[in-house]
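Everything on this sheet refers to the single structure shown next.
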Amino acid sequence: MFENIALAFQGIIGHKLRSFLTMLGIIIGIASIISIVSTIKGTNEQIKQNLIGSGNNSVVVQLNQGGYEYEMAYESLPEGVPVITEDVRQEIEDLEEVECASLFLSRRYTNDTVFHQKNAYNGSLYGIDENYFDVYGYYIQIGRNFTEEDFAWFRKVAILDSTAAKALFPTGNPVGQVVEIHGEPFTIIGQMDQTSAFEPVINSVNDYRTYNSNDNGGQIFVPSSVWGIIYRYDEPQSVAVRAASTDDMTKAGKNTADILNARLTVDNDSDLAYKSNDLLEEAKQLQELSSATNNQLLWIAGISLLVGGIGVMNIMLVTVTERTREIGLKKAIGARKRRILFQFLTEAVVLTGMGGLLGVLAGIILSQVISNLSGTPTAISMSASLVAVIFSMVIGIVFGLLPAIKAANLNPIEALRRE
């Protein structure tokens with residue numbers, strides 16, 4: 001085997017230009033495939049990050065009606081929708097794919113304005129439990145977090161994010177200040193921020209609407225125990241869960257919704273049910289749409305590999321013709337057909353294997369150039385690179401087999417007579 005490989009390299013080095021031109025079809029085909037696969041992978045990762053965020057793996061499960069988020073009317077809980085208890089939250093958190101679960105209430109499109117002196121705020125208001133910040137990876141930047149006493153004693157305290165803080169307190173520290181929420185005074189005890197800040201890539205107006213449609217006005221958080229003080233009645237709660245991994249998000253959301261729906265006693269006509277906000281599934285749909293177009297390019301790149309394989313077979317046939325006397329001499333001194341067959345197959349595999357390696361290198365460089373020129377994200381796939389090299393060697397076997405068989409079947413007497 002090693003002797004055959006050494007002979008193959010000698011043949012390639014002895015005919016450098018011819019060997020390079022033979023490998024060129026393989027190089028172009030592999031480079032095209034690597035660059036396309038890298039672009040597909042990079043685009044898919046961007047889609048996933050833009051929709052899901054920077055790895056917090058959070059899923060929201062909300063009460064839906066008719067396929068849309070339930071719109072709270074100014075009345076009590078809908079009949080048959082029970083309050084979600086701590087025991088239910090713990091059951092959700094005990095799911096294998098869930099790391100943490102939180103119960104919360106929200107007014108994302110509220111008409112209520114929060115006031116501080118002459119400044120007003122029209123963003124989102126959340127009534128949260130002590131687990132909410134852990135689910136989303138939030139931390140307290142200034143001041144303090146909610147305590148057990150805040151929940152137990154129904155303290156009217158609030159925490160702002162940086163957007164709400166700038167709107168209400170453009171020049172000062174918000175901690176210790178008092179704001180008015182729905183006519184009730186709340187003391188600001190802290191300002192929060194995200195552990196890993198994430199900004200989606202915005203390439204169009206549609207991207208802007210998709211990624212920035214919610215919570216643009218900032219967020220204010222109050223203890224869930226004081227929600228009734230603000231709105232005077234109970235409301236359907238939502239559940240936020242943090243999945244163990246991004247790929248577990250769909251399963252975590254579905255299983256959480258199943259637990260909550262099992263406790264509903266609503267009429268079938270009401271069409272009320274808990275449903276997860278499955279961003280991972282939405283990301284997969286966009287990825288499939290993106291990949292469908294690029295897969296057509298992969299077939300075109302595959303054609304260049306076929307052309308490259310035909311070129312390998314052609315040059316190997318020429319090599320057999322050139323080395324007819326050598327083959328005849330080897331067979332005359334006792335070389336078996338199998339030895340001759342393996343020698344020429346090894347040469348074809350080495351030739352295409354080198355082309356595959358050069359193609360992978362060219363594909364990596366090409367993908368980076370495309371990324372820099374067009375702004376398209378790219379991510380090199382090591383598995384695709386390995387498969388590409390192996391596939392190029394398989395091409396050497398397939399297209400080198402016919403010349404190798406021809407060489408192995410040469411009659412030694414006729415081969416020695418060949419000029």
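The values are calculated or read from the model by the stated rules, or taken from the named source; none is laboratory data. On a predicted model such as this, the values are computed, not experimentally measured, just so you know. Neighbour counts run over all protein chains shown; Cβ positions are idealised from the backbone, glycine included. Note: areas computed on protein heavy atoms with side chains; ligands, DNA, RNA excluded. Shrake-Rupley method; radii C 1.70, N 1.55, O 1.52, S 1.80 Å.
Between Ser162 and Glu79, what length comes free when the chain is fully extended (0.36 nm per residue of separation minus the Cα-Cα distance, one decimal in nm)? Mind dumping the intermediate values first?
Numbers: separation 83, 0.36 × 83 = 29.88 nm, distance 3.80 nm.
Stretched out fully, the Ser162 to Glu79 stretch lengthens by 26.1 nm.
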As straight-line cross-link partners of Lys330, the qualifying lysines (C-alpha separation under 22 Å, not fewer than 8 residues apart within one chain) are Lys406
Could you check the spin-label model distance between Ile397 and Arg336? Points 7 Å from the Cα along Cα→Cβ, value in nm. 2.0 nm
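Largest first, how would Glu79, Glu130 line up by accessible area (1.4 Å probe)?
Values: Glu79 170, Glu130 115 Å².
The residues order as Glu79, Glu130, largest area first.
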